[in-house]
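The values are calculated or read from the model by the stated rules, or taken from the named source; none is laboratory data. Everything quoted here is computed from the prediction, not taken from an experiment. Here the Cβ is made from the backbone with ideal geometry for all residues, glycine too, and neighbour counts use every protein chain on show. Protein only, heavy atoms only, side chains kept; ligands, DNA and RNA dropped before computing areas. Shrake-Rupley method; radii C 1.70, N 1.55, O 1.52, S 1.80 Å.
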Amino acid sequence: MESSKFAIDKDRRTFVKNVLKGTIAGSLLLVIPMGGASGSLEVPAQIPGIRGRKYDMFKQRFAFIVNITRCIGCGSCCVADKREYNVPDGYYRTWVERYIKDFDGNVYVDCPNGGLDGYQTPRADIPGKVRDTFFVPKLCNMCKKPSCVQVCPVGATFKTPDGFVLVDKERCVGCGYCIQACPYSVRFLNPVTHTADKCTWCYHRVRKGLLPACVNVCPANARKFGDLNDPESEVTRILASPDVITVLKPELGNMPALYYEGLRREVVYECGP
Amino acid sequence: MSAVHNGVMDVLTNFVLPNDLHVHWSLMIVLYPYITGIIAGAFIVSSLYHVFKIESLKPVSRYSLIFALAFLACATWPLLNHLGHPERALNMMLTPSPSSAMAGFGYIYSAYAILLIFEILLIYRPVMVALKARSTGLLHIIYGILTFGSDNVSSQSLKLDHKIIGFLAGLGIPMACVLHGYVGFIFGGIKANPTWSTPLMPVIFLLSASVSGISGVIFTYVTIQKFRKKPVDAECVRTLTKFLWGVFILCFTFEMLEIFTHSYLKTHHWEMIHGLLWGPLYKTFWVSQVGIFSLIPMLLLAWMCLFRVGNATLVFWSTIASGMLLVQVLLMRWNVVIGGQLMSKSGRGFTTFHPQFLEKEGILPAIIIMVAPLVILYLLEKIFPMWMDDERLTALDT
């Protein structure tokens, strides 16, 4: 009896010792840098020509192209965006609209929860027979002549030399003038920071040679982003092609850098048939 | 209403862009142009006496200035309450963006405030010098500061004062116009919003400012005199009523002209503007602003100005018309500021807005901000005697 109790105690002691050794060894593995981690774990470059070169802000030109005919309304882009920026519920840096047209020419548009849940079921409240459906992703138009930058009273919203319209949340006073001025309603007052917020085309990713989060996850290649200085890039080729490329609300003169391929007249002429 | 809400338009007018569901400019931004309008309008009343020498307005010439100052003291309150970061408000003046219409506010407002305060101090200087001599304690010190420590009331000194007052009052008229025309431009300069982006917007704001200012002076002057059990100067009210009618004719004409222009031009925005005015704004625009609070005062004012009406009747109905016009201008601000935001930039639908009573920019803060100028007016009266029948003033004037 006595000897078996001793054996158990000894076992226990050995077990605790082994656990301790394992814990220390494991912690050391986490603490001590393993050679080459910085290079081997980095995500491969997605935009050629940015990494390993001096980034000259004044020479970079980018474009974003959305292909309406490709979007399947899955909502992956919206989910990726919400995760990337922890966007508060009820506010949207990007969203996907669903357009439904019936045989009588009626147009039905909706965008429940910004398309975040994906359009998994057909719309039930349409009386007529549906002729066709298409999806329109929306995001910041990165205007070349941005109204939001013009109206910001403190210069918190500004345009970078490489064409990105950004918000400095350390300077924004939260007046909301830019929200009123944006013709595309891509801006909102962030209820957490109390400053203006909007899509940035993932500037922090682009500067590292990565595609915007929404472009990265799009399974249908409906969202394209690229370098206009690169003659081989997809966006350069599309914009140079004879295809019809449209921007939203061109009559306002904001000159968006966000282009649409295959944009339908139901989107351009808002109240049109 | 039915044309829009039946049939095809039903289908077209139901899509609101997801970020447009929030009305970012709330009650506070309704009050801000309302208050600045009252300031500009009341100042114009005083200038009618000080610059254009309309003698019948003498009873309210000082009151209207103090009335403007009381509202001026509160003009920034709704803005500060609205800002997401009010602690950064001064950045608009320290690091302004020259391209922004809003960046001018700090300068225009401050310049106007300085002008108004100096004009008041100079007008009141002889009064305050005498009051200083009579008063003791805190009031004595206050009058000492407000008279810049100068007790010189020689005729030469007063002559110089009058020259400066004339100059400031004269300069004040274009500045009051700039202050409120500019407020209109803040809205008129937003091309993304078809109901705002019209060159008529600054004109309409300026004229409605004059309407609210004159109405505010008539309404509070008569009310305060009744409250003080002092006689109301009917000739003064008659002159104010005539000016009010004239300005309101212009104001209402331009308000209707704007709608008519939209409806006649029939641009692709008209569908939405029509839907807005006959839909969510039907009650606040057509029924209230136009139907009740414009047409009735218009008829009352016309009747009082075109027919010889007895003094007591005139004072009574002029006060009623003024009270109604104060509501009309507030409704106009609501219909422009809130109404404009109800239209989604999708061009296909309207959102809704229901202010809560207790929220940060809700109804209670709005009431507090509108009552505060009246409290300040009461306090200012303790320092600046506003009424010509006030023995402090009459004793000194003689």
Exercise. With the radius of gyration and the Kirkwood radius both derived from the Cα set of region A:107-234, what is their ratio Rg to Rh?
Worked result: 1.02
For this session: Please state, rounded to one decimal and in Å, the Kirkwood hydrodynamic radius that region A:48-273 gives when every pair of distinct Cα atoms enters the mean of 1/r.
Result: 18.4 Å
Problem set entry | Residue mean of other protein chain beta carbons inside 10 Å, B:86-96 | 4
Seminar exercise, completed: Taking a ≥ b ≥ c as the square roots of the Cα gyration tensor eigenvalues, with a/c under 1.5 meaning rounded and otherwise prolate when a/b beats b/c or oblate if not, region A:1-138 comes out oblate
Exercise. Ordered by residue, what ³J(HN,Hα) values in Hz, to whole numbers, does region B:71-83 give under the Karplus form 6.51 cos²θ - 1.76 cosθ + 1.60, where θ = phi - 60° and Gly and Pro are x?
Worked result: 6, 4, 4, 10, 4, 8, 4, x, 5, 5, 5, 7, 4
Seminar exercise, completed: In units of 2.2 N^0.38 Å, the Cα radius of gyration of region B:2-397 is 1.06
For this session: Report, in deg cm²/dmol and to the nearest 500, the calculated mean residue ellipticity at 222 nm for chain B, where each DSSP H run with n ≥ 4 adds -39500 (n - 2.57) and the sum is divided by the residue count.
Result: -23000 deg cm²/dmol
Problem set entry | Convex hull volume per residue in cubic angstrom - Cα atoms of region A:164-273 | 161 Å³
Seminar exercise, completed: Here Rg/Rh (Cα, Kirkwood) for region A:220-264 equals 0.97
Problem set entry | Accessible area per residue, Å², region B:2-397 with all protein chains present, probe 1.4 Å | 41 Å²
Seminar exercise, completed: For chain A, the percent of accessible surface on carbon and sulfur atoms (probe 1.4 angstrom, ligands and nucleic acids excluded) is 58 percent
Exercise. Relative to the present Cα-Cα distance, how much length would full extension add between A:His194 and A:Ala25 at 0.36 nm per residue of separation?
Worked result: 56.2 nm
Exercise. Per residue of chain A, what 222 nm ellipticity follows from adding -39500 (n - 2.57) for every DSSP H run with n ≥ 4, rounded to the nearest 500?
Worked result: -7500 deg cm²/dmol
Problem set entry | Rel. contact order, % - alpha carbon contacts under 8 angstrom, at least six apart, chain A | 24 percent
Exercise. What length, rounded to one decimal in nm, is gained on full extension from B:Ile142 through to B:Thr253, with 0.36 nm per residue of separation minus their alpha-carbon distance?
Worked result: 35.3 nm
Exercise. Considering chain A as a Gaussian network with a 10 Å cut-off on Cα pairs, which listed residue, A:Thr193, A:Thr236, A:Thr157, attains the greatest mean-square fluctuation?
Worked result: A:Thr193
Problem set entry | Long-range amide H partners of A:Gly226 with built H, under 5 Å | A:Ala63
Seminar exercise, completed: Rounded to the nearest 10 degrees, the helix A:2-31 long axis (Cα) sits at an angle to the longest Cα principal axis of chain A of 40 degrees
Exercise. Using θ = phi - 60° and the Karplus curve 6.51 cos²θ - 1.76 cosθ + 1.60, what whole-Hz ³J(HN,Hα) does each residue of region B:148-155 get, with Gly and Pro shown as x?
Worked result: 6, x, 9, 9, 6, 10, 5, 4
For this session: Treat each spin label as a single point 7 Å out from the Cα along the C-beta direction, and report the A:Lys145 to A:Ala45 distance in nm.
Result: 3.5 nm
Problem set entry | Stokes-Einstein diffusion coefficient of region B:24-73, Kirkwood radius over Cα pairs, 4 °C, 1.567 mPa s, in µm²/s | 113 µm²/s
Exercise. Semi-axes of the protein assembly as shown's equivalent ellipsoid from the Cα gyration tensor, sqrt of 5 times each eigenvalue, largest first, rounded to whole Å?
Worked result: 59, 35, 24
Exercise. Assuming R0 = 35 Å, what is the FRET efficiency of B:Lys163 and B:Thr95, from their Cβ-Cβ distance, to the nearest 0.05?
Worked result: 0.40
Seminar exercise, completed: Expected sort for A:109-116, A:133-140 on mean C-beta neighbours within 10 Å, highest first, is A:133-140, A:109-116
Seminar exercise, completed: Ignoring ligands, DNA and RNA, the residues of region A:144-171 whose accessible area with a 1.4 Å probe is reduced by 40 Å² or more relative to the chain alone are A:Gln150, A:Pro153, A:Val154, A:Arg171
Exercise. Tally Lys and Arg at +1 and Asp and Glu at -1 over the other residues with C-beta under 10 Å from the C-beta of A:Ala181: what net charge comes out?
Worked result: +2
Exercise. If you add up the charges near B:Leu57, with Lys and Arg at +1 and Asp and Glu at -1, over every other residue whose beta carbon is less than 12 angstrom from its beta carbon, what do you get?
Worked result: +2
For this session: Would you pull out the residues with amide H under 5 Å of A:Glu97's amide H, same chain only if 5 or more places away, H placed 1.01 Å from N?
Result: A:Val136, A:Lys138
For this session: Just grab the label-to-label distance for B:Asn152 and B:Leu358, each label 7 Å out from Cα along the Cβ direction, in nm (one decimal).
Result: 5.9 nm
Seminar exercise, completed: Under a Gaussian network model of chain B whose springs join Cα atoms within less than 10 Å, the largest fluctuation of B:Pro174, B:Pro59, B:Pro86 belongs to B:Pro86
For this session: Please compute how much accessible surface disappears when B pairs with A, both sides summed, using a 1.4 Å probe, and round it to the nearest 100 Å².
Result: 3800 Å²
Problem set entry | Under the Karplus curve 6.51 cos²θ - 1.76 cosθ + 1.60, θ = phi - 60°, whole-Hz ³J(HN,Hα) for region A:79-84, x wherever Gly or Pro sits | 5, 4, 5, 5, 6, 4
For this session: Please compute the net charge surrounding B:Val30, taking Lys and Arg as +1 and Asp and Glu as -1 over other residues with Cβ under 14 Å from its Cβ.
Result: 0
For this session: Determine the per residue accessible area of chain A with all protein chains present and a 1.4 angstrom probe, expressed in square angstrom.
Result: 52 Å²
Exercise. For the pair A:Asn113 and B:Phe227, what calculated FRET efficiency results from E = 1/(1 + (r/R0)^6), where r is the Cβ-Cβ distance and R0 = 51 Å, to the nearest 0.05?
Worked result: 0.40
For this session: Please report the base-10 log of the normalised intensity I(q)/I(0) for region A:127-202, using a Debye sum with one equal scatterer per alpha carbon and no solvent, at each q in 0.16, 0.22, 0.28 (1/Å).
Result: -0.56, -0.94, -1.49
